[in-house]
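Novice: Can you keep this structure in mind? I'll have questions shortly.
The values are calculated or read from the model by the stated rules, or taken from the named source; none is laboratory data. Predicted model only: the values in this text are computed from it and were never measured. As a convention, Cβ positions derive from the backbone with ideal geometry for all residues, glycine included, and neighbour counts pool all protein chains shown.
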Amino acid sequence: MANVVVGLALLAFWLYCLFDVITTPAEQVRGLPKGMWVLITVIPALGGLLWLLAGRPSATPAPPAPPQPPQTPPRGPDDDPEFLRNLERRLRDED
């Protein structure tokens, strides 16, 4: 039973690493060309471990987001002088 669990864990680790190599953009792969990493990762446990330690892109912090201009809260119609002028004009035109 324990052998089955270890075997499934190794299979999951191998598939994760292989999928990670395949989906990583080639310009982000470290050390060797991407094709070589695919071949190395075919070696079940050792290849995946090598990929995680030496080939996977290093975690770099995301660039800071550009500063956003300060947002002004929405104004209600009674705070908008242009709206009030138009309202008065429409009320006079109705009479």
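Novice: Specify the residue that is surrounded by the fewest Cβ atoms within 10 Å (Cβ to Cβ); the eligible residues are those in segment 1-51 that are more than 27 Å from the chain's Cα centre (by Cα) and of a type outside the set (A, V, I, L, M, F, W, C).
Specialist: Asn3
Novice: Quick check on segment 52-71: of everything there that is out of contact with any Phe, Trp or Tyr (no Cβ under 7 Å at 6 or more places or on another chain) and either among the hydrophobic types (A, V, I, L, M, F, W, C) or in a helix (DSSP H, G or I) (or both), which residue is surrounded by the most Cβ atoms within 10 Å (Cβ to Cβ)?
Specialist: That would be Leu52.
Novice: Scan segment 27-51 for residues that are among the aliphatic types (A, V, I, L, M) and in a loop (DSSP other than H, G, I, E, B) and jot them down.
Specialist: Within segment 27-51, Val29, Leu32, Val42, Ile43 meet the criteria.
Novice: Continuing with this model, one more query. May I ask you to verify whether Pro44 is over 30 Å from Trp14 (Cα atoms) and free of Cβ contacts under 8 Å to residues at least 60 places away in the same chain?
Specialist: So Pro44 fails the test.
Novice: Ok, one more. Out of (1) at pLDDT 90 or above; (2) over 30 Å from Phe13 (Cα atoms), the odd one out for Glu82 is which?
Specialist: Failed condition: (1).
Novice: Sticking with this structure for a sec: In this structure, does Arg56 turn out to be of a type in the set (D, E, K, R) and farther than 24 Å from Ala12 by Cβ? Don't jump to the end; show me each part of the working.
Specialist: Numbers: of a type in the set (D, E, K, R): yes; farther than 24 Å from Ala12 by Cβ: no.
For Arg56, the condition - of a type in the set (D, E, K, R) and farther than 24 Å from Ala12 by Cβ - is not met.
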